[in-house]
2 protein chains.
Amino acid sequence: MRTSQFPLNTLKESPADAEIVSHKLMLRAGLIRKLAAGMYNWLPLGLRVLRKVERIVREEMDRTGAMEVLMPVVQPAELWQESGRWEFYGPELARLRDRHAREFCLGPTHEEIITDLVRNEVQSYKELPLCYYQIQTKFRDEVRPRFGVMRAREFVMKDAYSFHNDYESLQQTYDAMHEAYSRIFTRLGLEFRPVRADTGAIGGSSSHEFHVLADSGEDAIAFSSASDYAANVELAEAVALPAPEAGAPQPMSLVDTPTQRSIEEVSAHLNVPPSRCLKTLVVKAEDGGVIALLLRGDHELNPIKAEKLHGVAAPLTFASDEEIQGAGSVAGFMGPVGLNIPMLVDRSAANLVNFVSGANQAGKHYINTNWGRDAELPAVVDLRTVQAGDPSPDGQGNLTIARGIEVGHIFQLGTKYSEAMQAQVLDENGQNRTMIMGCYGIGVTRVVAAAIEQNHDDKGVIWPGPIAPFDVCLVPVNMHASETLQAAAEQLYADLKAAGVDVLFDDRKARAGVMFADMELIGIPHRLVISERGLAGGTVEYRGRRDAESQNIPLSDAVAFLRGKLAAE
Amino acid sequence: MRTSQFPLNTLKESPADAEIVSHKLMLRAGLIRKLAAGMYNWLPLGLRVLRKVERIVREEMDRTGAMEVLMPVVQPAELWQESGRWEFYGPELARLRDRHAREFCLGPTHEEIITDLVRNEVQSYKELPLCYYQIQTKFRDEVRPRFGVMRAREFVMKDAYSFHNDYESLQQTYDAMHEAYSRIFTRLGLEFRPVRADTGAIGGSSSHEFHVLADSGEDAIAFSSASDYAANVELAEAVALPAPEAGAPQPMSLVDTPTQRSIEEVSAHLNVPPSRCLKTLVVKAEDGGVIALLLRGDHELNPIKAEKLHGVAAPLTFASDEEIQGAGSVAGFMGPVGLNIPMLVDRSAANLVNFVSGANQAGKHYINTNWGRDAELPAVVDLRTVQAGDPSPDGQGNLTIARGIEVGHIFQLGTKYSEAMQAQVLDENGQNRTMIMGCYGIGVTRVVAAAIEQNHDDKGVIWPGPIAPFDVCLVPVNMHASETLQAAAEQLYADLKAAGVDVLFDDRKARAGVMFADMELIGIPHRLVISERGLAGGTVEYRGRRDAESQNIPLSDAVAFLRGKLAAE
């Protein structure tokens, strides 16, 4: 392709309303243009990237045996009423009426449609399992669309849905999707982690998010330095840490802490590190009373873990000062010694020796508290949020915490939709059996933005080879002033094309600096520069987009050299 | 692909609400399923066809130099208000409000969006011409969606838009699109005709429709037996026919036609063929008066032609009996002799000799009327609708009239949108110049239905090779009862795949008759049957979908034989 026939829409300045780097660069590099809040036109350069992403996704979905379908963007309200989501879904669901005043919505996902399709097409358990997918436009009327295509209202998603006789079959397809997603993001050239995600009401280990690692990611994820363990920080299991060294148990004694209530204040006042102070939090209990949650002073309570625990009321609600008083303690001076309410202690806090704890009276703490002797050890549970450096819960290596952008999500739906919509098959005995479902999404347009968040520098985008809009750019210096140079550049362009190289030939009448800047901004991975001076020595100049230096290579070897570079990607 | 892993969704019965053959067969063959009125799910088999159509369209659009973009389905009302279409477009435009009560619509086409994009991106005349296209979902809230995807509410369209400095440049792109469309429909394997279409207010020869010929087509088109002339019947030029033989001019005489008013009645009563009777129609004139339109009795007035003529009021309105009386005549007995109002005569009627005409008095006609002598010949114009057998207006061959399905439309828009939306470039002199536009559409989903309307029999679809969901089906007879046969079938399947043949292997445990019927219904162009009996003689049975008979071919030649068939397509 020639820039004279494939105009670039690059911008010198970042539009003022772009907040994150991928949004800025997608506008500056001419990949997208805003049509309205959260709605974007994909320009030719951006669409080339999007199509390459789609193609890799499609190939890997096909490889799993999933079958591609295409379901409408516009969906009838009746099916959403059947599933119960019509009432449940808030203003994020864009609704409209047709000319006969019938209600429809723009699909944010397609569970209702596929469940309706499958319940009509499939009669027997023998026809299962089945997995359908599509790559289709979705619409979600986000309360605050932002970050370009990262959080858009209209976007392209790959969504897949599987149907099963039993959970074993669901698990098999789920595992196959997990593998396919790993292959997809590997082939896309992205650094990513599959992480266990919160499954909310459904529970179990039945959901994974796939995150592209990037500093600007909205989610914090914890992953092992030595294994493939990875989980959302909110969900990662926190193992028991050994107690900080505190010598042999000493006698407990009451000390004055007249105004010291926080861990920091008590720790400083008593000269005991926070890791040896006990943090006592009183929250509402399921039975209407209160319950104490005990952690090490240097650890943070994980509310998602806490509210799933037996006895703790959900959503997690802290007790008031009056409730604490009613429980026989004083806010700021709480501790397990002599406290007569239910308690739960975190694994690491359970290991403490000679620790500081509140004395349940104003202005007093105990030092050298010890479990068993001074207070009965409560039930030991996982209460805290993991920290960087914690041992990985699988016993291999330590946890690193990084930020990630969620680009995929696989989910064991169970019977949520099939039960509500009576999607059944006849089983071996001629009885109705509700199908079991899984769903599997990839934010296709979001992947493009995430790739840029992970791969850019101050000059622009640095595309991973597999999704670059062009593999190579050919930049001639002052070509329009020299017929010899022009002929050589045209020949090299023709040779590269003939060798199957996807090359962008910058044949504009522009200064070399302008062309270089554009090619760096749009992130073409490989650059060849052809000039009169180089030509005199029979060379062209090569530079990879991440290289610090250029190198001269013989013009006659240029095609073979490039093919070698591309094959190595 | 194996049917065990790619389940067919064939139906024995046609759903009751399907009216035309393509709709019936698309449901029966399991290509689509209805979601709601005018909204369809594309099943895996149908999507394979749709993707093949899209691919051919995309390749040919790319070949013209048009650049692919992707514009949102949801469009902001503001741009439609700018173009004036927000008010003009009726309930066919599906409208919705977002959570902030801002108005949007679902795009039935994308003129506003592309015009907005281009006016923002393009500054100079030097950047023109430009042509963008997309393949995208559209929505039109049809008053009566029907015929499956033929007239659906949600559908897939290829829409292209070009931008120019002048009409010469527009004409060049228009011609290139005309060629590209011809290549597309040829490559799709369809019999089609590009036909001149009515351009409404814009006028000129600036619109062509592309029709797939099929008996069920909604439009009548006229095309030459000897050239590539083709036009919508409403628009086709009618040439002057020689007068029917009537001998030398005879003296005109007044005859009694007491109750005979229609051509049929007068012709029968006077024993003069309708082709020698003059039909006089009085319509409203532009100046508020009336004007007479004169045709041969065997010809039909073409209202679209008539209302474009100078002097005739649009829309065409027939004069009342009172107005005819006021003009000095009597309804049913009108004629040019002695009539003192403006008149226009059709080319063929102008050639008549010794013809019958109304005498402008009740119960009287003239016989042997002759132009010049009895009445002055009025201005001669093209007033009539062409008929089968008419000479083609390009002078080559005669016209055939056939029915067609409109699958493509190319259109010289001019400045309709660019003027309303102030889409301008700076010209050579630094002055603003309004861009000139063209638009070019193909109904991608409709093409699939049209292909079936043109290619089917009582057993099912007969796909043109280029868009068949699979090239070949391999049907084993009673395979599951014979390990030898199973091994041979598996080997042949593997060999075909290895040779790059897109083959569907029917490995179901089904009776041969069921498999044959399914493969004929879904329209696979080539069938191989492998059986124990054939295998004993070292042969397999081949049959093309249109063949009357099967033929045995050596098993060892099967792959080469099939490749030969496919290469010849």
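The values are calculated or read from the model by the stated rules, or taken from the named source; none is laboratory data. All figures in this text were calculated on a predicted structure; none of them were measured in a lab. Positions of Cβ are generated from backbone atoms using ideal geometry, with glycine treated the same way; all protein chains shown enter the neighbour counts. With ligands, DNA and RNA removed, areas are computed over all heavy atoms of the protein, side chains included. Shrake-Rupley method; radii C 1.70, N 1.55, O 1.52, S 1.80 Å.
Of the residues making up the stretch B:517-528, those that are open to solvent by 10 Å² or more (accessible area, probe 1.4 Å), closer than 18 Å to B:Tyr493 by Cα and in contact with a strand residue (DSSP E or B) (Cβ under 6 Å, 6 or more places away or on another chain) are B:His526, B:Arg527. Among the residues making up the stretch A:105-128, a single one is within 11 Å of chain B (Cβ to nearest Cβ), touching a helix residue (DSSP H, G or I) at 6+ places or on another chain (Cβ under 6 Å) and open to solvent by 10 Å² or more (accessible area, probe 1.4 Å): A:Asp116. Determine whether the stretch A:489-506 contains at least one residue that is modelled with pLDDT of 95 or more, within 25 Å of A:Ser22 (Cβ to Cβ), touching a Ser or Thr at 6+ places or on another chain (Cβ under 8 Å) and surrounded by fewer than 21 Cβ atoms within 10 Å (Cβ to Cβ). No, that holds for no residue.
Results for (1) surrounded by fewer than 23 Cβ atoms within 10 Å (Cβ to Cβ); (2) touching a residue at least 40 places away in the same chain (Cβ under 8 Å), shown as yes or no for each residue.
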{"position": "B:Glu154", "(1), (2)": "no, yes"}
{"position": "B:Ser162", "(1), (2)": "no, yes"}
{"position": "B:Glu168", "(1), (2)": "yes, no"}
{"position": "B:Ala176", "(1), (2)": "yes, yes"}
{"position": "B:Tyr181", "(1), (2)": "no, yes"}
{"position": "B:Ile184", "(1), (2)": "no, yes"}
{"position": "B:Arg187", "(1), (2)": "yes, yes"}
{"position": "B:Glu191", "(1), (2)": "yes, yes"}
{"position": "B:Arg196", "(1), (2)": "yes, yes"}
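Determine, yes or no, whether B:Leu295 is touching a residue at least 12 places away in the same chain (Cβ under 8 Å), within 26 Å of B:Arg196 (Cβ to Cβ), touching a helix residue (DSSP H, G or I) at 6+ places or on another chain (Cβ under 6 Å) and open to solvent by less than 60 Å² (accessible area, probe 1.4 Å). Spelling it out, B:Leu295 is indeed touching a residue at least 12 places away in the same chain (Cβ under 8 Å), within 26 Å of B:Arg196 (Cβ to Cβ), touching a helix residue (DSSP H, G or I) at 6+ places or on another chain (Cβ under 6 Å) and open to solvent by less than 60 Å² (accessible area, probe 1.4 Å).
Where in the stretch A:283-354 are the helices (runs of 4 or more DSSP H), entirely inside, with at least 2 residues that are under 24 Å from A:Leu241 (Cα atoms)?
Working: elements: A:303-307, A:321-326, A:347-350.
In the stretch A:283-354, the matching helices (runs of 4 or more DSSP H) lie at A:303-307, A:347-350.
Look at A:Arg97 and say whether it is more than 11 Å from chain B (Cβ to nearest Cβ) and closer than 30 Å to A:Tyr40 by Cβ.
Details: more than 11 Å from chain B (Cβ to nearest Cβ): no; closer than 30 Å to A:Tyr40 by Cβ: yes.
It is false that A:Arg97 is more than 11 Å from chain B (Cβ to nearest Cβ) and closer than 30 Å to A:Tyr40 by Cβ.
Residues that are among the β-branched types (Val, Ile, Thr) and open to solvent by 30 Å² or more (accessible area, probe 1.4 Å) within the stretch B:361-384 comprise B:Ile367, B:Val380, listed in sequence order.
Across the stretch A:313-343, which residue is most open to solvent (accessible area, probe 1.4 Å) among those that are more than 25 Å from A:Asn370 (Cα to Cα) and of a type in the set (A, V, I, L, M, F, W, C)? Spell out the reasoning first.
Of the residues in the stretch A:313-343, the ones more than 25 Å from A:Asn370 (Cα to Cα) are A:313-323, A:326.
In the following step, the residues that additionally are of a type in the set (A, V, I, L, M, F, W, C) were identified as A:313-314, A:316, A:318-319.
Details: A:Ala313: 20, A:Ala314: 72, A:Leu316: 37, A:Phe318: 110, A:Ala319: 16 Å².
Out of the qualifying residues, it is A:Phe318.
Does at least one position in the stretch B:351-360 carry a residue that is more than 30 Å from B:Ile114 (Cα to Cα), surrounded by fewer than 17 Cβ atoms within 10 Å (Cβ to Cβ) and more than 35 Å from the chain's Cα centre (by Cα)? No, the stretch B:351-360 has no match at all.
Can you spot a residue in the stretch B:256-264 that is closer than 30 Å to B:Trp371 by Cβ, at pLDDT 95 or above, aliphatic (A, V, I, L, M) and out of contact with any Phe, Trp or Tyr (no Cβ under 9 Å at 6 or more places or on another chain)? Checked the stretch B:256-264: at least one residue is closer than 30 Å to B:Trp371 by Cβ, at pLDDT 95 or above, aliphatic (A, V, I, L, M) and out of contact with any Phe, Trp or Tyr (no Cβ under 9 Å at 6 or more places or on another chain). Report yes if some residue within the stretch B:228-246 is charged (D, E, K, R) and part of a strand (DSSP E or B); otherwise report no. Checked against the condition, which is being charged (D, E, K, R) and part of a strand (DSSP E or B), the stretch B:228-246 yields no hits at all. Of all the numbered requirements in (1) more than 9 Å from every other protein chain (Cβ to nearest Cβ); (2) modelled with pLDDT under 95, A:Tyr133 misses one, and that requirement is (2).
Please count how many residues of the stretch B:247-272 are assigned to a loop (DSSP other than H, G, I, E, B), surrounded by fewer than 16 Cβ atoms within 10 Å (Cβ to Cβ) and not small (Gly, Ala, Ser). Break it down stepwise before answering.
First, the residues of the stretch B:247-272 that are assigned to a loop (DSSP other than H, G, I, E, B): B:247-252, B:257-262, B:271-272.
Of the ones still in play, those that are also surrounded by fewer than 16 Cβ atoms within 10 Å (Cβ to Cβ) are B:247-251, B:258-259, B:262, B:271.
Filter once more, keeping what is not small (Gly, Ala, Ser): B:249-251, B:258-259, B:271.
Qualifying residue count for the region: 6.
Criterion applied to A:Val49, A:Val57, A:Val53, A:Val69 was being in contact with a Leu (Cβ under 9 Å, 6 or more places away or on another chain), open to solvent by less than 10 Å² (accessible area, probe 1.4 Å) and within 11 Å of chain B (Cβ to nearest Cβ), and the one residue passing it is A:Val69. Residues that are facing chain A (nearest Cβ under 10 Å), on the phi < 0 side of the Ramachandran plot and in a loop (DSSP other than H, G, I, E, B) do not occur anywhere in the stretch B:20-31. Here B:Thr400 clears all of (1) of a type outside the set (A, V, I, L, M, F, W, C); (2) in a loop (DSSP other than H, G, I, E, B); (3) modelled with pLDDT under 95 except the condition numbered (2).
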